[in-house]
Amino acid sequence: LPVPFLVLLLLLVVTVTCSAGTFSAAGASTCTPCTPNTFSASAGSSTCGACTTGWTSPAGASACTQCPAGSAVTAGTCSTCAAGKFSLAASTVCTDCSAGTSSSAAASTCGNCAAGTWSGAAASTCGNCAAGTFSGAAATTCGNCAAGTFSGAAASNCAAGTWSGAAASTCGNCAAGTFSGAAASTCGSCSVNTFSLAAASTCTNCAAGSTSGAGASTCTVCPAGSAVTAGTCSTCAAGKFS
């Protein structure tokens, strides 16, 4: 045969091996790139394999890439999880944070709310407890402070000489003529012949020769011609003086 004819014949029978990331079926004249989210790892592939769940690939890929923690496969691509959600690596969905926790965007975990804060499900931040309420860590709600306590990060006892009702943000001073111990929900009146100033933890006895009624802020000195008898100022009898 003539040489030009032999060269043409050799060109017709030479085959081309498809590269990794492409494939060809039997009888194909060209190599076709693998479609997105499929791959062919080796040259000469006749098909492309699907990516494993939670992995993706662009067109013409020789390997798939795992979606990192904080993202999930959405419409064939790795999409960042929104705030209030989280995911582990190779996830197909982002999961809502549970109540009492929160997360920023692209989170792999949700963090517990600190004491004095709270959250519902799928929260991006934890909210502060209102005045007169409190919470521990990872709280889903804030509870009312009990009478005799007030709120900070947790309920605290009122000091002696002060008091509070339920759900208080501060403790109030006991009025003059009253007193309280620690953690009091009310202030008690001073008894007869005792007195107190404001914010007192105890009542003080009246000095000798003076008296007071119940709930007194001061004691009254008995006038001349009288004396304290059974807790009151009594007039001196005839033949006596004071």
Considering only protein heavy atoms, what per residue accessible area in square angstrom results for the chain with a 1.4 angstrom probe? 55 Å²
Once Kirkwood radius over Cα pairs in Å is worked out from the coordinates, which option in (i) 25.8; (ii) 19.6; (iii) 17.5 does it equal? (i)
Taking H as built 1.01 Å from N, whose amide H comes closer than 5 Å to the amide H of residue 161, not counting residues under 5 places away? 180, 181
With n ≥ 4 as the cut-off for DSSP H runs, can you work out [θ] at 222 nm for the chain, using -39500 (n - 2.57) per run divided by the number of residues, rounded to the nearest 500? -1500 deg cm²/dmol
Acute angle (nearest 10 degrees) that the helix 3-13 long axis makes with the longest principal axis of the chain, alpha-carbon atoms: 30 degrees
Choose one answer from 135, 91, 45: the residue with the largest mean-square fluctuation in a GNM of the chain with alpha-carbon springs under 10 Å. 45
So, how do all the Cα-to-Cα distances of segment 200-241 break down into 5 Å bins, in percent, from 0 on up? 5, 24, 27, 20, 11, 7, 4, 2, 0
Return the sequence-ordered ³J(HN,Hα) values of segment 92-103 in whole Hz as given by the Karplus equation 6.51 cos²θ - 1.76 cosθ + 1.60 applied to θ = phi - 60°, using x for Gly and Pro. 9, 9, 9, 9, 4, 5, 6, 4, x, 9, 7, 8
Sulfur and carbon atoms: percent of accessible area, segment 48-196 [1.4 Å]: 57 percent
For each cysteine in the chain, check whether another cysteine's C-beta sits under 4.7 Å from its C-beta; list those where none does. 145, 236
Counting only residues 5 or more places away or on other chains, whose amide H sits under 5 Å from the amide H of residue 121 once H atoms are built in the peptide plane? 99
The distance between the Cα centres of segment 179-205 and segment 48-69, in whole Å, is 76 Å
Which far-off residues, 5 or more places away or on another chain, put their amide H under 5 Å from the one on residue 76, with H placed in the peptide plane? none
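The values are calculated or read from the model by the stated rules, or taken from the named source; none is laboratory data. Since this is a predicted model, take the numbers as computed values, not measurements. For neighbour counting, all protein chains shown are included, and Cβ atoms are generated from backbone atoms with ideal geometry for every residue, glycine included. To get the accessible areas, we keep the full protein, side chains included, count just its heavy atoms, and leave off ligands, DNA and RNA. Shrake-Rupley method; radii C 1.70, N 1.55, O 1.52, S 1.80 Å.
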